[in-house]
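Encoded as structure tokens, the structure appears first; notes follow it.
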Amino acid sequence: MNNLNNDSINEIIYLIKDGDLELAWNKVESLSFEYPSSDILLNLRGTIFLKKKEYENAQNNFSKALKINPHFISAKLNLGIVYHNLGKNEEALKCYKEIAKINNTLPTVYNNMGFILYTQNKYSEAIKELNRAIVLKRDYAEAFLNLGMVYLNLKKYREAIKFFDQSLVYDKKLLSVYYYLGECFKNIKDIDKALSHYTLSHHQKTNSRILECYFILNKKKEYQKLISSISKNDPDNRRIAAISAYISNQFNIRNTYSFCQEPLNFILKNNIKKNMENDGLEIQELIKEISDKKFTWELFGKTTIGGSSVYNLTQLGITSLSKLQNILVNEILNYKKNFKNEKCTFIQKWPKKYKFNIWSNILKSEGYNTSHIHPAGWLSGVVYLKVPSNIKKNEAGIEFSLHGKDYPIKIKNIPTITIVPKVCDLVLFPSSLFHKTIPFKSRSERMIIAFDIHKLQ
């Protein structure tokens, strides 16, 4: 321990647990002058960075601690957590497996391994590791929750319910569990029980699910009362905007949620080939730079089927992307001007400051994107870099609709708009609008750059 005082270390640990990160940091830094090569202090520094979600700094400190002490389990466990938060799941799994070889009695290790395997759709392996965690800790609420998530995704809803219920036995504060129980009951068509559980949950999708239940149960008055309340307290929720536009259509009533009442009217297409040429942007250069990056095949929780994506393009040092981004800024300004007289929140509360979230997606033959929205975005867009050749009507097109993929249908005449793109087409639309791609049989690829603008406070 390099003669470090146990009381000093315990005090720092207590401060971190209590959330007083600034004071904890000051004490760590003070001790670091006296003990610059302390693996314990490096681990504590990393823990503070981890709490602050400064993952790169956290990784650096945990790695330094492990160079000093390769068998420092706490630092290796923390490094695994950092890798997971950075999306480096294979590196995280490696850390956990190394820990298990040193000490096979730590339930957290098996729980974390199980969760990562679950996110990779390796359900049988996930179940094995999560059961190991529970054998070591019979009241491990989080492991029961994760098992429930596995069975929920396997569509074994009654098994999932048992595990979710068990997690609440051991930790009644896990209020998000009620949401997942609601999902289970909704899928087995017990809508009354689904509604009661959604009502108890603290989840970002809670209100949209409650509205959906009111719709299924034909409780129009309850729906209208809740949507009125949400409009006052949460006026720009994109999930609520999506469900309200759909239910209003299905109930044949006016949409009173003001974010974007008629989202299909806010689709705008423009070809930006000349803009790109004027700015010296070569589309082939852009394609090459993006293609050189590592694409991930069918990421967990994403909408791509039969394709792959690369995320966070702005952080990957793609030179030509900055030119495209400048073009997009101007196109977004023109978009806003085009709809400036519209009275909805979408236009009138347009973000004064925003940031881009940009990614790329490639679809192969028979590939597609399922119906989805971008709840974190305000405005979404897609630029077409490659379009499949020899396609039939509407193949590889983007279809906009009020209908989400899992929404129940009462009235079948749901309005849709389909755009079959050309190379360099830019399509802009509200992030609350459901959209999907139509599969194609051509052997050539469909390649796009997609983006959202995210409102900055």
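Nothing in this text is a laboratory measurement; each read-out follows from the coordinates by a stated rule. Not measured: the values here are computed from a predicted model. We place every Cβ from the backbone using ideal geometry, glycine too, and count neighbours over all the protein chains shown.
Ranked by how many other Cβ atoms sit within 10 Å of their own Cβ, fewest first, the residues CYS424, CYS260, CYS213 fall in the order CYS424, CYS213, CYS260. A straight chain from ASP292 to ASN10 at 0.36 nm per residue would run longer than the Cα-Cα distance by 96.8 nm. Per-residue Cβ neighbour counts within 10 Å put LEU313, LEU136 in the sequence LEU136, LEU313, beginning with the fewest. So what's the net charge close to LEU15: Lys and Arg +1, Asp and Glu -1, counting the other residues with Cβ under 14 Å from its Cβ? It works out to a net charge of -1.
Stokes-Einstein diffusion for the chain, with the hydrodynamic radius set to the Kirkwood value over Cα pairs and evaluated at 4 °C in a medium of 1.567 mPa s, equals 52 µm²/s. The lysines whose alpha-carbon is closer than 27 Å to the alpha-carbon of LYS128, local same-chain residues fewer than 8 away aside, are LYS76, LYS88, LYS94, LYS97, LYS101, LYS137, LYS155, LYS156, LYS162, LYS172, LYS173, LYS302. Straight-line cross-link reach from LYS122 at under 14 Å between alpha-carbon atoms covers these aspartates and glutamates, not counting any fewer than eight positions away in the same chain: GLU90, GLU298. Shown here: segment 69-129, whose C-alpha atoms stretch 34, 25, 13 Å along the first, second and third principal axes, sorted largest to smallest. Full extension of the chain segment joining ASN270 with SER229 gains 11.0 nm, where the gain is 0.36 nm per residue of separation less the Cα-Cα distance. Which net charge results when you count Lys and Arg as +1 and Asp and Glu as -1 among the other residues whose beta-carbon is under 12 Å from that of GLU395? Local charge sum for GLU395: +2.
Diffusion of segment 133-241 by Stokes-Einstein, at 37 °C in a medium of 0.692 mPa s and with Rh set to the Kirkwood radius over alpha-carbon pairs, works out to 224 µm²/s. Across the chain, Cα pairs under 8 Å and at least six residues apart give a relative contact order of 11 percent. Which net charge results when you count Lys and Arg as +1 and Asp and Glu as -1 among the other residues whose beta-carbon is under 14 Å from that of LYS173? Net local charge, LYS173 excluded: -2. Cβ crowding within 10 Å, taken as a proxy for footprinting-reagent exposure, orders GLU91, GLU56 from fewest neighbours to most as GLU56, GLU91. Taking a straight Cα-Cα cut-off under 14 Å and skipping sequence neighbours fewer than 8 places away in the same chain, the aspartates and glutamates within cross-link reach of LYS343 are ASP236, GLU262. Please work out whether segment 380-444 counts as rounded, prolate or oblate from its C-alpha gyration tensor, where a ≥ b ≥ c are the square roots of the eigenvalues and a/c under 1.5 means rounded, while otherwise a/b larger than b/c means prolate and anything else oblate? Oblate. Database remark: amide H of ASN271 closer than 5 angstrom to the amide H of LEU426 (H placed geometrically; neighbours at sequence offset of 5 or more, or on other chains; Pro and chain starts carry no H).
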